[in-house]
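Here's the structure, in structure tokens; my notes come after.
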Amino acid sequence: MESSYARTAQKNLARSKKRTDTGVDFPDQSLLVKDADIWNGKDFTRGSILIEESRIKRVARSIINDGYETIDASGLKALPGLIDVHVHLRDMALAYKEDFATGTAAAAAGGFTTVLDMPNTVPPTDSASRLIEKQKVAAQKTYINVGFHAAAVSDSHDIDALASEGAFSLKLYLPKPIAPFDIRNDQTIEKMMRAAARVETPVTVHAEDITGSENTSPQERFEEAAEARSPVLETRAVDRLLRIQKSARCSVHYCHLTLRSSLMRINASARSTSEVTPHHILLSKKLLHGLGWRAWMVPPLRSEETRWSLLKSTLTGLASVIASDHAPHTIKEKDQSAIKSPPGVPGLETTLPLMLTMVNRQQMSLSLLVKLLSENPARIFGLKSKARLRKGADGDVVLVDLKKKSRIDSSNFFSKAKFSPFDGFKTQGVVNSTIVGGRVVYGEGEIVAREGSGSVLRRGFSG
Ligand SMILES: [Zn+2]
């Protein structure tokens, strides 16, 4: 198989040399994925996938090789490309933490073919012109499909402009607004939600209501800092936002929830979807004592009992989405007291191996994995041509070796953030290859595509 990757790499290199100034890729790309176990929406069927001009042309038991670039995928599972709806790719003035090339290389290595980037950058994604600028920079660097969330803004004309440039959502960060926004005022939030609903753009929220909280004075130690951001802040924020959302009749996606009760409330409410992260379902705050900054994020890790009930709820289908909340920082920034250490951990390269390990332990079905990491993200964020392996769908495929064992080692990350609270975890199930629009981007440990070979997606324009 190795020679096949070498050929792909060579071909891509040749293409990049031939590349025209307009940046339009050559339409002759075709790829035959041969003899895989292909996910058909319910189960696996042995067969081959032919991808031409970035879309799946055929899925059949056997396809005659008509001189196509071929991957021998025998023994591998073919899943629809994974979609991470919550990542921080940084770049621009924060490129020292991560940039579009390293962040999307990390995504490809983790089996993700599409990611949606968060707007709390420098500068923030808070206007149509800044969104366009970010799209331009990303187009030069990305290896996969990347779309952008924008900051929640108060002016409805700005919301219209962001929607028409393809923002995937308006992000409301309740602890501290990304762009000037009166987060204490229910009417301001409702007005924003009504404007978002009018242009059929969802609102994404970080649901922690720390305004007026008596117990959030800065703490030096990570255990105490986690204690100070208690679960009640999430409960309060979810209750408040569900109420506002109902009267605004707006679709709201609740990011990185930590409580079973939040999932229950959101599940019972119209136009609401929920997200959990691998760290909140697999780790608890007792690890903060040993791991400190390596396990510091907001919302913080919860008690063992709370994370266990979140995991059980996720496994019974109560959550809509698993997202990594990939949030890279330098180790120098992180390795400080809890007052100074920026919250967030990288997650793009650990999410799928961790979930495949749960599949191997028979805690999670592959059907639930595909739902949480591909089908539901595509449905919620309007990526209509993704998350399926059938004729006409986008040629985004991840080939997985379900049996291969590995160990998480952050020193091998493509991300610039070479640390992880999961370092040393034994896993079973690895990404063999990641294919984006019929182009092999990652194979057997290497990035084999050209920087900038991926695409920028715009909500409403992406098929
Ligand atoms: Zn985040």
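The values are calculated or read from the model by the stated rules, or taken from the named source; none is laboratory data. Fair warning: this is a prediction, and the values are worked out from it, not measured in the lab. As a convention, Cβ positions derive from the backbone with ideal geometry for all residues, glycine included, and neighbour counts pool all protein chains shown. Calculation scope for accessible area: heavy atoms of the full protein, side chains included, ligands and nucleic acids excluded. Shrake-Rupley method; radii C 1.70, N 1.55, O 1.52, S 1.80 Å.
Filter K191/K312; K391/K426; K97/K384; K176/K332; K77/K97; K332/K371 down to the pairs with a C-alpha to C-alpha distance above 26 Å, please.
Too far apart for the 26 Å limit: K191/K312; K391/K426; K97/K384; K77/K97; K332/K371.
Taking the inverse of the average 1/r across all pairs of different Cα atoms in region 183-252, what Kirkwood radius in Å do you get?
One over the average 1/r among Cα pairs gives 13.3 Å for region 183-252.
Give me the percent of the accessible area of the chain that comes from carbon and sulfur atoms, probe 1.4 Å, all protein chains in place.
49
If a/c stays under 1.5 just call it rounded; otherwise compare a/b with b/c (prolate if a/b is bigger, oblate if not). Do that for region 26-91, with a ≥ b ≥ c from the square roots of the Cα gyration tensor eigenvalues.
oblate
Report the Rg/Rh value for region 238-360, based on alpha-carbon coordinates and the Kirkwood definition of Rh.
Result for region 238-360 is an Rg/Rh of 1.00.
With contacts defined as alpha carbon pairs under 8 Å and 6 or more residues apart, what's the relative contact order of the chain in percent?
The value is 22 percent.
How large is the dipole of region 305-454 about the Cα centre if only Lys and Arg carry +1 and Asp and Glu carry -1, each at its Cβ, rounded to the nearest 20 debye?
380
For region 92-207, report the convex hull volume of the alpha-carbon atoms normalised per residue, in Å³, without decimals.
Each residue corresponds to 103 Å³ of Cα convex hull volume.
If I take every Cα pair under 8 Å that is 6 or more residues apart in region 164-319, average their sequence separation and divide by the length, what percent do I get for the relative contact order?
Values: 239 pairs, mean separation 33.1, N = 156.
That works out to 21 percent.
Report, largest value first, the span of the C-alpha coordinates of the chain along each principal axis, in whole Å.
Computed over the Cα atoms, the extents are 68, 48, 42 Å.
How big is the C-alpha Rg of region 367-449 next to the rule-of-thumb value 2.2 N^0.38 Å, as a ratio?
On the way: Rg = 14.7 Å, N = 83, 2.2 N^0.38 = 11.8 Å.
That ratio works out to 1.25.
Can you spot the aspartates and glutamates whose alpha carbon is less than 16 Å from K42's alpha carbon? Ignore those fewer than 8 places along the same chain.
E375
Step by step: find N for region 149-191, compute 2.2 N^0.38 Å, then divide the Cα radius of gyration by it. What's the final number?
1.09
Keeping all protein chains in place, calculate the accessible area per residue for region 134-288 (probe 1.4 angstrom), answer in Å².
In whole numbers, region 134-288 has 39 Å² accessible per residue.
What full-extension length gain, to one decimal in nm, is calculated for E333 and F44 as 0.36 nm per residue of separation minus the Cα-Cα distance?
On the way: separation 289, 0.36 × 289 = 104.04 nm, distance 4.48 nm.
That pair, E333 and F44, stretches by 99.6 nm at full extension.
Direction-averaged shadow area of the convex hull around the Cα atoms of region 302-431, nm²?
Taking the Cα atoms of region 302-431, their convex hull projects to 9.6 nm² on average.
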